[in-house]
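A.B. asks: Sharing a structure with you now.
The values are calculated or read from the model by the stated rules, or taken from the named source; none is laboratory data. Computed from a predicted structure; not experimentally measured. FYI the Cβ positions are ideal-geometry reconstructions off the backbone, even for glycines, and counts take in every protein chain you see. The protein model used for the area step is the full one, side chains on, heavy atoms only, and it has no ligands, DNA or RNA in it. Shrake-Rupley method; radii C 1.70, N 1.55, O 1.52, S 1.80 Å.
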Amino acid sequence: VQLQASGGGLVQAGGSLRLSCVASGSGFSRANMGWHRQAPGKQRELVAAITSNYIVNYVDSVRGRFTIFRDNAKNTVYLQMNSLKPEDTAGYYCNFRHRGYERWGQGTLVTVSS
């Protein structure tokens, strides 16, 4: 499986972005997918996750502003980010997990200006 993330960019505080992560190969519908982020000088953190059964979870700092969803027909997981804040600035990475197998995408940069 290979993951290709896109959709990052520069946005003003209060704005929105939608990130996409397309998975090549098989098994997407059975995989748990996640979006992680890493800001300069900080550890990578899980932002949002969605299971193969569409159960979602969010880190407290984004709950109510970000939405993770998936389209199994397109092998794609999305992260809709609204009401963006400067502290959301980071590289965002998608993650694929299924039965001990794990893959990471290359990351897409989100910069939120104040």
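A.B. asks: Being of a type in the set (Ser, Thr, Tyr) and either over 17 Å from MET81 (Cα atoms) or modelled with pLDDT under 95 (or both) is the filter here; which residues of segment 18-62 pass it?
C.D. replies: SER24, SER26, SER29, THR51, SER52, TYR54
A.B. asks: Against the definition (assigned to a strand (DSSP E or B), free of Cβ contacts under 8 Å to residues at least 60 places away in the same chain, at negative phi and not basic (Lys, Arg)), how does VAL77 come out, yes or no?
C.D. replies: yes
A.B. asks: Sticking with this one: Go through segment 1-44 residue by residue and tally those that are closer than 14 Å to TRP104 by Cα and of a type in the set (D, E, K, R).
C.D. replies: Here the count works out to 2.
A.B. asks: Of a type in the set (D, E, K, R) and within 16 Å of GLN38 (Cβ to Cβ), is that true of ASP88?
C.D. replies: So ASP88 fits the description; yes.
A.B. asks: I've got another one for you. For segment 30-59, how many residues meet the condition of being hydrophobic (A, V, I, L, M, F, W, C), in a loop (DSSP other than H, G, I, E, B), without any contact (Cβ under 8 Å) to a residue 40 or more places away in the chain and open to solvent by less than 90 Å² (accessible area, probe 1.4 Å)?
C.D. replies: 1
A.B. asks: Find the residue count for segment 16-29, including only residues that are open to solvent by 20 Å² or more (accessible area, probe 1.4 Å) and farther than 10 Å from LEU79 by Cβ.
C.D. replies: 6
A.B. asks: Still on this structure: Scan segment 63-114 residue by residue and report those that are open to solvent by 30 Å² or more (accessible area, probe 1.4 Å), aliphatic (A, V, I, L, M) and either more than 14 Å from the chain's Cα centre (by Cα) or modelled with pLDDT under 95 (or both).
C.D. replies: Once the filter is applied, which keeps residues that are open to solvent by 30 Å² or more (accessible area, probe 1.4 Å), aliphatic (A, V, I, L, M) and either more than 14 Å from the chain's Cα centre (by Cα) or modelled with pLDDT under 95 (or both), segment 63-114 yields only ALA73.
A.B. asks: Report yes if some residue within segment 13-27 is touching a His at 6+ places or on another chain (Cβ under 6 Å) and either farther than 14 Å from VAL1 by Cα or not acidic (Asp, Glu) (or both); otherwise report no.
C.D. replies: yes
A.B. asks: Additional query: Which of the numbered conditions does ARG70 fail, given that it passes all the others? Conditions: (1) closer than 16 Å to THR108 by Cα; (2) of a type in the set (D, E, K, R); (3) in contact (Cβ under 8 Å) with a residue 24 or more places away in the chain.
C.D. replies: Every condition holds for ARG70 apart from (1).
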